[in-house]
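Written below as C-alpha coordinates is the structure these notes are about.
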Amino acid sequence: SFSSPRRTIQHERLTMKFSAVVLALALGAASAFAPVNNRAMPRTVVQAQEPWVATLYPYADGVSAPAATATAEKGTKQDFLEASPYYDMSEIPVNTYKTKSPFVGKITSVKRIVGPKATGETCDIVIDHQGKMPYWEGQSFGVIPPGTNPKNGKPNSVRLYSIASSRYGDDMTGKTCTLCVRRATYWCPELGAEDPAKKGVCSNYLCDATPGTEVKMTGPSGKVMLMPEDKPETDIIMVATGTGIAPYRSFWKRLFIEETPAAEAYKGLAWLFLGVANSDALLYDEELQSIKTKFPDNFRVDYALSREMENKKGGKMYIQDKVEEYADEIFERLDKGGHIYFCGLKGMMPGIQDMLAEVCKTKKIDYEEWQTGLKKNGQWHVEVY
(Lines give C-alpha, C1' and ligand atoms only; values in the text may rest on other atoms or scores of the structure.)
Protein backbone atom coordinates (compact mmCIF):
# COMPACT_ATOMS: atom_id res chain seq x y z
CA SER A 1 0.00 0.00 0.00
CA PHE A 2 1.03 3.60 -0.49
CA SER A 3 2.69 5.36 2.48
CA SER A 4 3.24 9.11 2.50
CA PRO A 5 6.69 10.41 3.58
CA ARG A 6 5.01 11.99 6.65
CA ARG A 7 3.47 8.64 7.73
CA THR A 8 6.78 6.87 7.11
CA ILE A 9 8.66 9.36 9.32
CA GLN A 10 6.06 9.04 12.09
CA HIS A 11 6.28 5.23 11.86
CA GLU A 12 10.09 5.36 12.09
CA ARG A 13 9.92 7.66 15.12
CA LEU A 14 7.48 5.36 16.90
CA THR A 15 9.66 2.35 16.06
CA MET A 16 12.74 4.11 17.45
CA LYS A 17 10.90 5.08 20.63
CA PHE A 18 9.59 1.54 21.12
CA SER A 19 13.07 0.12 20.55
CA ALA A 20 14.50 2.59 23.06
CA VAL A 21 11.96 1.50 25.68
CA VAL A 22 12.75 -2.19 25.07
CA LEU A 23 16.48 -1.49 25.26
CA ALA A 24 16.11 0.52 28.45
CA LEU A 25 14.03 -2.17 30.07
CA ALA A 26 16.43 -4.87 28.93
CA LEU A 27 19.43 -3.02 30.33
CA GLY A 28 17.63 -2.24 33.54
CA ALA A 29 15.84 -5.53 34.06
CA ALA A 30 18.51 -7.00 36.28
CA SER A 31 18.49 -4.08 38.69
CA ALA A 32 15.02 -2.58 38.20
CA PHE A 33 13.66 -4.95 40.81
CA ALA A 34 16.77 -5.96 42.70
CA PRO A 35 15.96 -8.17 45.70
CA VAL A 36 16.85 -6.49 48.97
CA ASN A 37 16.41 -8.60 52.07
CA ASN A 38 14.12 -10.91 50.07
CA ARG A 39 11.98 -7.99 48.92
CA ALA A 40 11.70 -6.72 45.34
CA MET A 41 12.43 -3.01 45.42
CA PRO A 42 12.01 -0.69 42.39
CA ARG A 43 15.24 0.97 41.33
CA THR A 44 15.81 3.95 39.03
CA VAL A 45 17.67 2.70 35.97
CA VAL A 46 16.59 4.72 32.93
CA GLN A 47 18.36 7.92 31.87
CA ALA A 48 15.85 10.42 30.50
CA GLN A 49 17.15 11.76 27.20
CA GLU A 50 13.87 12.78 25.56
CA PRO A 51 10.59 14.27 26.85
CA TRP A 52 8.64 11.06 26.24
CA VAL A 53 11.00 9.14 28.55
CA ALA A 54 10.54 11.74 31.26
CA THR A 55 6.78 11.34 30.89
CA LEU A 56 6.97 7.59 31.48
CA TYR A 57 9.67 7.88 34.15
CA PRO A 58 9.33 11.40 35.65
CA TYR A 59 12.35 11.03 37.97
CA ALA A 60 14.56 8.90 35.75
CA ASP A 61 17.07 11.66 35.11
CA GLY A 62 17.95 11.85 38.79
CA VAL A 63 17.60 15.62 38.65
CA SER A 64 13.91 16.33 38.33
CA ALA A 65 13.06 14.21 41.36
CA PRO A 66 12.08 16.00 44.58
CA ALA A 67 14.49 15.92 47.50
CA ALA A 68 14.72 12.39 48.83
CA THR A 69 13.88 11.53 52.42
CA ALA A 70 14.96 8.64 54.57
CA THR A 71 11.38 7.37 54.64
CA ALA A 72 10.81 7.67 50.92
CA GLU A 73 14.09 6.00 50.07
CA LYS A 74 13.75 3.14 52.55
CA GLY A 75 14.33 -0.01 50.57
CA THR A 76 16.48 1.55 47.87
CA LYS A 77 19.83 -0.16 48.04
CA GLN A 78 22.71 2.11 49.04
CA ASP A 79 26.04 0.83 47.82
CA PHE A 80 27.76 3.53 45.76
CA LEU A 81 29.94 4.75 48.62
CA GLU A 82 31.13 1.35 49.83
CA ALA A 83 34.64 -0.01 50.14
CA SER A 84 35.43 -3.37 48.57
CA PRO A 85 34.72 -5.42 50.56
CA TYR A 86 32.38 -3.04 52.38
CA TYR A 87 34.19 -3.47 55.73
CA ASP A 88 37.68 -2.72 54.38
CA MET A 89 39.12 0.21 56.35
CA SER A 90 42.32 0.77 54.39
CA GLU A 91 41.02 3.83 52.55
CA ILE A 92 38.94 5.62 55.16
CA PRO A 93 38.94 9.35 54.30
CA VAL A 94 40.79 11.41 56.90
CA ASN A 95 41.50 15.17 56.92
CA THR A 96 40.51 15.74 53.31
CA TYR A 97 40.21 19.42 54.21
CA LYS A 98 42.33 21.17 56.82
CA THR A 99 42.03 24.40 58.79
CA LYS A 100 44.23 26.41 56.41
CA SER A 101 42.18 25.39 53.38
CA PRO A 102 38.68 24.41 54.58
CA PHE A 103 35.82 23.29 52.38
CA VAL A 104 32.93 25.73 52.10
CA GLY A 105 29.63 23.90 52.43
CA LYS A 106 26.10 25.27 52.51
CA ILE A 107 23.46 24.71 55.14
CA THR A 108 20.26 23.31 53.67
CA SER A 109 18.14 23.04 56.81
CA VAL A 110 18.13 23.84 60.52
CA LYS A 111 15.37 22.51 62.75
CA ARG A 112 14.82 22.32 66.49
CA ILE A 113 14.34 18.69 67.51
CA VAL A 114 13.48 18.96 71.22
CA GLY A 115 10.23 19.84 72.94
CA PRO A 116 9.36 23.08 74.77
CA LYS A 117 10.29 21.68 78.19
CA ALA A 118 13.76 20.50 77.17
CA THR A 119 16.69 21.95 79.07
CA GLY A 120 18.20 23.96 76.24
CA GLU A 121 17.82 23.88 72.48
CA THR A 122 19.17 21.15 70.21
CA CYS A 123 19.07 21.43 66.44
CA ASP A 124 19.37 19.01 63.53
CA ILE A 125 21.52 20.76 60.91
CA VAL A 126 21.97 19.47 57.37
CA ILE A 127 24.94 20.69 55.33
CA ASP A 128 25.57 20.20 51.61
CA HIS A 129 29.18 19.17 50.96
CA GLN A 130 28.64 18.40 47.25
CA GLY A 131 30.03 14.90 47.73
CA LYS A 132 33.52 16.37 48.13
CA MET A 133 33.86 15.41 51.81
CA PRO A 134 33.12 11.68 51.98
CA TYR A 135 33.14 10.26 55.50
CA TRP A 136 32.40 7.09 57.44
CA GLU A 137 30.02 6.51 60.31
CA GLY A 138 31.65 7.48 63.61
CA GLN A 139 33.75 10.31 62.18
CA SER A 140 33.56 14.04 62.90
CA PHE A 141 33.61 17.26 60.90
CA GLY A 142 35.18 20.50 62.02
CA VAL A 143 33.33 23.80 61.70
CA ILE A 144 35.12 27.16 61.70
CA PRO A 145 32.71 29.89 62.78
CA PRO A 146 33.15 33.34 61.21
CA GLY A 147 34.69 36.19 63.16
CA THR A 148 37.65 36.57 65.47
CA ASN A 149 38.42 35.54 69.01
CA PRO A 150 38.19 38.69 71.17
CA LYS A 151 40.86 37.30 73.50
CA ASN A 152 43.61 37.21 70.90
CA GLY A 153 42.23 38.89 67.79
CA LYS A 154 42.84 35.75 65.72
CA PRO A 155 40.22 33.98 63.57
CA ASN A 156 37.92 31.69 65.51
CA SER A 157 39.28 28.16 65.89
CA VAL A 158 37.71 24.98 64.60
CA ARG A 159 35.08 23.10 66.63
CA LEU A 160 34.52 19.38 66.13
CA TYR A 161 31.07 17.82 65.77
CA SER A 162 30.28 14.11 65.49
CA ILE A 163 28.40 13.39 62.28
CA ALA A 164 24.80 12.28 62.88
CA SER A 165 24.07 10.80 59.45
CA SER A 166 25.40 7.83 57.54
CA ARG A 167 27.89 8.36 54.72
CA TYR A 168 24.90 8.68 52.37
CA GLY A 169 23.39 11.61 54.25
CA ASP A 170 19.76 11.87 55.25
CA ASP A 171 18.80 12.57 51.64
CA MET A 172 20.66 9.44 50.47
CA THR A 173 22.64 11.33 47.82
CA GLY A 174 26.06 11.02 49.46
CA LYS A 175 26.34 14.81 49.20
CA THR A 176 25.11 15.96 52.61
CA CYS A 177 25.85 15.42 56.28
CA THR A 178 23.83 16.04 59.43
CA LEU A 179 25.08 17.53 62.69
CA CYS A 180 23.24 17.39 66.02
CA VAL A 181 24.09 20.61 67.86
CA ARG A 182 23.03 21.92 71.24
CA ARG A 183 23.02 25.69 71.55
CA ALA A 184 25.57 26.56 74.25
CA THR A 185 24.40 29.34 76.56
CA TYR A 186 25.56 30.62 79.94
CA TRP A 187 23.13 31.63 82.66
CA CYS A 188 24.54 34.42 84.79
CA PRO A 189 23.18 34.32 88.35
CA GLU A 190 24.15 37.97 88.89
CA LEU A 191 22.30 39.16 85.81
CA GLY A 192 19.47 36.72 86.32
CA ALA A 193 19.62 36.08 82.59
CA GLU A 194 21.76 34.53 79.88
CA ASP A 195 25.04 36.34 79.31
CA PRO A 196 25.45 36.80 75.53
CA ALA A 197 29.16 37.46 75.97
CA LYS A 198 29.65 33.89 77.17
CA LYS A 199 27.48 32.01 74.69
CA GLY A 200 29.00 29.29 72.53
CA VAL A 201 30.26 30.96 69.37
CA CYS A 202 30.03 28.02 66.98
CA SER A 203 26.90 26.33 68.33
CA ASN A 204 24.94 29.60 68.20
CA TYR A 205 26.25 30.33 64.70
CA LEU A 206 25.01 26.94 63.52
CA CYS A 207 21.67 27.01 65.34
CA ASP A 208 20.95 30.54 64.08
CA ALA A 209 21.91 29.70 60.48
CA THR A 210 19.41 29.69 57.64
CA PRO A 211 19.36 27.69 54.39
CA GLY A 212 22.09 28.97 52.10
CA THR A 213 24.45 29.97 54.92
CA GLU A 214 28.03 29.09 54.00
CA VAL A 215 30.01 26.96 56.45
CA LYS A 216 33.78 26.47 56.54
CA MET A 217 34.43 22.79 57.23
CA THR A 218 37.42 20.57 57.97
CA GLY A 219 37.85 16.83 58.14
CA PRO A 220 36.55 14.23 58.29
CA SER A 221 38.53 13.18 61.34
CA GLY A 222 38.73 10.31 63.78
CA LYS A 223 38.86 6.52 63.74
CA VAL A 224 38.05 5.88 67.41
CA MET A 225 34.28 5.50 66.95
CA LEU A 226 34.17 3.32 63.84
CA MET A 227 32.04 0.17 63.83
CA PRO A 228 33.60 -3.31 63.63
CA GLU A 229 31.91 -4.10 60.33
CA ASP A 230 34.26 -6.99 59.58
CA LYS A 231 32.46 -8.88 62.35
CA PRO A 232 28.72 -8.44 61.68
CA GLU A 233 27.79 -10.64 64.65
CA THR A 234 29.31 -8.12 67.10
CA ASP A 235 27.10 -6.56 69.77
CA ILE A 236 27.37 -2.76 69.78
CA ILE A 237 26.61 -1.08 73.12
CA MET A 238 26.22 2.70 72.74
CA VAL A 239 26.24 5.00 75.77
CA ALA A 240 25.44 8.68 75.28
CA THR A 241 24.44 11.85 77.04
CA GLY A 242 22.63 14.52 75.01
CA THR A 243 24.13 15.25 71.62
CA GLY A 244 26.60 12.43 72.21
CA ILE A 245 23.92 10.43 70.42
CA ALA A 246 25.17 11.83 67.08
CA PRO A 247 27.61 9.09 66.00
CA TYR A 248 25.16 6.41 67.08
CA ARG A 249 22.52 7.83 64.76
CA SER A 250 24.95 7.25 61.90
CA PHE A 251 25.26 3.66 63.16
CA TRP A 252 21.53 2.92 63.30
CA LYS A 253 20.88 4.64 59.97
CA ARG A 254 23.48 2.39 58.32
CA LEU A 255 22.45 -0.81 60.07
CA PHE A 256 18.66 -0.52 60.23
CA ILE A 257 17.22 2.24 58.05
CA GLU A 258 19.26 2.16 54.86
CA GLU A 259 19.71 -0.82 52.55
CA THR A 260 23.49 -1.17 52.87
CA PRO A 261 25.81 -4.18 52.76
CA ALA A 262 26.38 -3.62 56.49
CA ALA A 263 22.63 -3.76 57.16
CA GLU A 264 22.24 -6.95 55.17
CA ALA A 265 25.09 -8.63 57.05
CA TYR A 266 24.44 -7.41 60.61
CA LYS A 267 23.42 -10.16 63.03
CA GLY A 268 24.40 -8.67 66.40
CA LEU A 269 22.55 -6.50 68.93
CA ALA A 270 22.80 -2.71 68.81
CA TRP A 271 21.85 -1.37 72.25
CA LEU A 272 21.54 2.35 72.93
CA PHE A 273 21.61 3.99 76.36
CA LEU A 274 20.74 7.70 76.26
CA GLY A 275 20.80 10.09 79.20
CA VAL A 276 18.90 13.39 79.03
CA ALA A 277 17.00 15.54 81.54
CA ASN A 278 13.41 14.79 80.55
CA SER A 279 11.15 13.39 77.86
CA ASP A 280 11.13 16.66 75.91
CA ALA A 281 14.91 16.42 75.60
CA LEU A 282 14.86 13.02 73.87
CA LEU A 283 16.53 13.02 70.45
CA TYR A 284 15.39 11.14 67.34
CA ASP A 285 12.96 9.10 69.42
CA GLU A 286 10.62 8.40 66.49
CA GLU A 287 13.42 6.78 64.52
CA LEU A 288 14.50 4.75 67.51
CA GLN A 289 11.02 3.46 68.34
CA SER A 290 10.43 2.53 64.70
CA ILE A 291 13.66 0.51 64.56
CA LYS A 292 12.90 -1.13 67.89
CA THR A 293 9.53 -2.27 66.55
CA LYS A 294 10.91 -3.59 63.27
CA PHE A 295 14.05 -5.23 64.66
CA PRO A 296 13.20 -6.39 68.22
CA ASP A 297 15.95 -9.02 68.22
CA ASN A 298 18.69 -6.72 66.99
CA PHE A 299 17.95 -3.34 68.55
CA ARG A 300 17.25 -2.07 72.05
CA VAL A 301 17.06 1.39 73.58
CA ASP A 302 17.00 2.46 77.24
CA TYR A 303 16.64 6.02 78.51
CA ALA A 304 17.90 7.65 81.69
CA LEU A 305 15.72 10.72 82.34
CA SER A 306 17.34 12.42 85.32
CA ARG A 307 14.38 14.65 86.16
CA GLU A 308 11.68 12.04 85.63
CA MET A 309 13.19 8.75 86.86
CA GLU A 310 14.71 7.48 90.08
CA ASN A 311 17.63 5.09 90.42
CA LYS A 312 17.60 2.11 92.77
CA LYS A 313 18.80 4.32 95.65
CA GLY A 314 15.95 6.80 95.21
CA GLY A 315 18.15 9.46 93.61
CA LYS A 316 18.06 10.93 90.10
CA MET A 317 18.47 8.47 87.26
CA TYR A 318 21.72 9.25 85.47
CA ILE A 319 23.26 7.36 82.56
CA GLN A 320 25.53 5.23 84.76
CA ASP A 321 22.53 4.15 86.84
CA LYS A 322 20.63 2.90 83.80
CA VAL A 323 23.68 1.03 82.45
CA GLU A 324 24.21 -0.54 85.89
CA GLU A 325 20.71 -2.03 85.79
CA TYR A 326 21.89 -4.26 82.94
CA ALA A 327 25.48 -4.72 84.11
CA ASP A 328 25.40 -8.53 84.12
CA GLU A 329 24.15 -8.76 80.55
CA ILE A 330 26.51 -6.04 79.34
CA PHE A 331 29.54 -7.72 80.89
CA GLU A 332 28.50 -11.03 79.35
CA ARG A 333 28.17 -9.46 75.90
CA LEU A 334 31.57 -7.76 76.26
CA ASP A 335 33.13 -11.06 77.33
CA LYS A 336 31.84 -12.51 74.06
CA GLY A 337 33.47 -9.81 71.95
CA GLY A 338 30.95 -6.98 72.09
CA HIS A 339 32.07 -3.37 71.70
CA ILE A 340 31.11 -0.52 74.02
CA TYR A 341 31.06 3.14 72.99
CA PHE A 342 30.84 6.31 75.11
CA CYS A 343 30.05 9.74 73.67
CA GLY A 344 28.94 13.00 75.27
CA LEU A 345 30.15 15.51 77.83
CA LYS A 346 33.38 14.42 79.47
CA GLY A 347 31.69 14.78 82.85
CA MET A 348 29.81 11.55 82.13
CA MET A 349 32.89 9.34 82.34
CA PRO A 350 33.85 9.54 86.06
CA GLY A 351 30.40 8.30 87.12
CA ILE A 352 30.47 5.53 84.54
CA GLN A 353 34.01 4.50 85.45
CA ASP A 354 33.13 4.35 89.15
CA MET A 355 30.03 2.28 88.42
CA LEU A 356 31.94 -0.18 86.24
CA ALA A 357 34.66 -0.49 88.90
CA GLU A 358 32.02 -1.33 91.52
CA VAL A 359 30.47 -3.96 89.25
CA CYS A 360 33.90 -5.49 88.71
CA LYS A 361 34.42 -5.56 92.45
CA THR A 362 31.21 -7.54 93.01
CA LYS A 363 32.29 -9.94 90.27
CA LYS A 364 35.80 -10.22 91.77
CA ILE A 365 37.32 -8.84 88.59
CA ASP A 366 40.30 -6.47 88.49
CA TYR A 367 38.79 -3.36 86.89
CA GLU A 368 42.03 -1.95 85.45
CA GLU A 369 42.92 -5.31 83.96
CA TRP A 370 39.40 -5.76 82.56
CA GLN A 371 39.37 -2.31 80.95
CA THR A 372 42.89 -2.72 79.57
CA GLY A 373 41.82 -5.98 77.95
CA LEU A 374 38.87 -4.28 76.23
CA LYS A 375 41.10 -1.48 74.96
CA LYS A 376 43.70 -3.93 73.70
CA ASN A 377 41.06 -5.83 71.76
CA GLY A 378 39.60 -2.63 70.28
CA GLN A 379 36.32 -3.09 72.17
CA TRP A 380 36.47 0.18 74.15
CA HIS A 381 35.62 3.44 72.34
CA VAL A 382 35.46 6.87 73.99
CA GLU A 383 34.77 10.29 72.44
CA VAL A 384 33.93 12.98 74.98
CA TYR A 385 34.18 16.75 74.89
**Asked** Where the eigenvalues come from the Cα gyration tensor of the stretch 151-220, what are the semi-axes √(5λ) of the equivalent ellipsoid, largest first, in whole Å?
**Response** 29, 15, 11
**Asked** Tally Lys and Arg at +1 and Asp and Glu at -1 over the other residues with C-beta under 13 Å from the C-beta of Glu310: what net charge comes out?
**Response** +2
**Complete:** Those trypsin sites (Lys or Arg not before Pro) from the stretch 91-169 that are DSSP loop and have at most 15 other Cβ neighbours within 10 Å turn out to be Lys100, Lys117, Lys132, Lys151
**Reciprocal mean inverse distance between Cα atoms of the stretch 217-273 - Kirkwood radius, Å** = 12.2 Å
**Loop-resident sites, the stretch 138-219, for GluC sites (Glu not before Pro), counting at most 13 other Cβ within 10 Å (DSSP)** = Glu190
**Asked** Ordered by packing density, taken as the mean number of other Cβ atoms within 10 Å over each peptide's residues, highest first, how do 87-95, 140-148 rank?
**Response** 140-148, 87-95
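Please get the size of the charge dipole for the stretch 281-321, origin at its Cα centre, with Cβ charges of +1 on Lys and Arg and -1 on Asp and Glu, quoted in debye to the nearest 20.
Here the size comes out at about 180 debye.
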**Request:** Could you tell me which of Ile144, Thr241, Thr178 has its Cα farthest along the dipole of the stretch 140-242 towards the positive end, charges placed at Cβ (Lys, Arg +1; Asp, Glu -1), taken about the Cα centre?
**Result:** Ile144
**Prompt:** What's log10 of I(q)/I(0) for the stretch 243-385 at q = 0.11, 0.17, 0.21 Å⁻¹, Debye sum over Cα points only, no solvent?
**Reply:** -0.44, -1.07, -1.54
**Item:** Modelled FRET efficiency - R0 25 Å, Thr210 with Leu345, Cβ distances, 0.05 increments
**Value:** 0.35
**Message:** Using the Cα atoms of the stretch 116-184, I'd like the radius of gyration and the largest Cα-Cα distance, Dmax, both in angstrom.
**Reply:** 14.3, 41
**Request:** Heavy atoms only, probe 1.4 Å: what % of the accessible area of the stretch 317-374 goes to carbon and sulfur, would you let me know?
**Result:** 50 percent
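The values are calculated or read from the model by the stated rules, or taken from the named source; none is laboratory data. Keep in mind the model is a prediction, meaning the values are calculated, not measured. Glycine also receives a Cβ, built like all others from the backbone with ideal geometry; neighbour counts cover every protein chain displayed. With ligands, DNA and RNA removed, areas are computed over all heavy atoms of the protein, side chains included. Shrake-Rupley method; radii C 1.70, N 1.55, O 1.52, S 1.80 Å.
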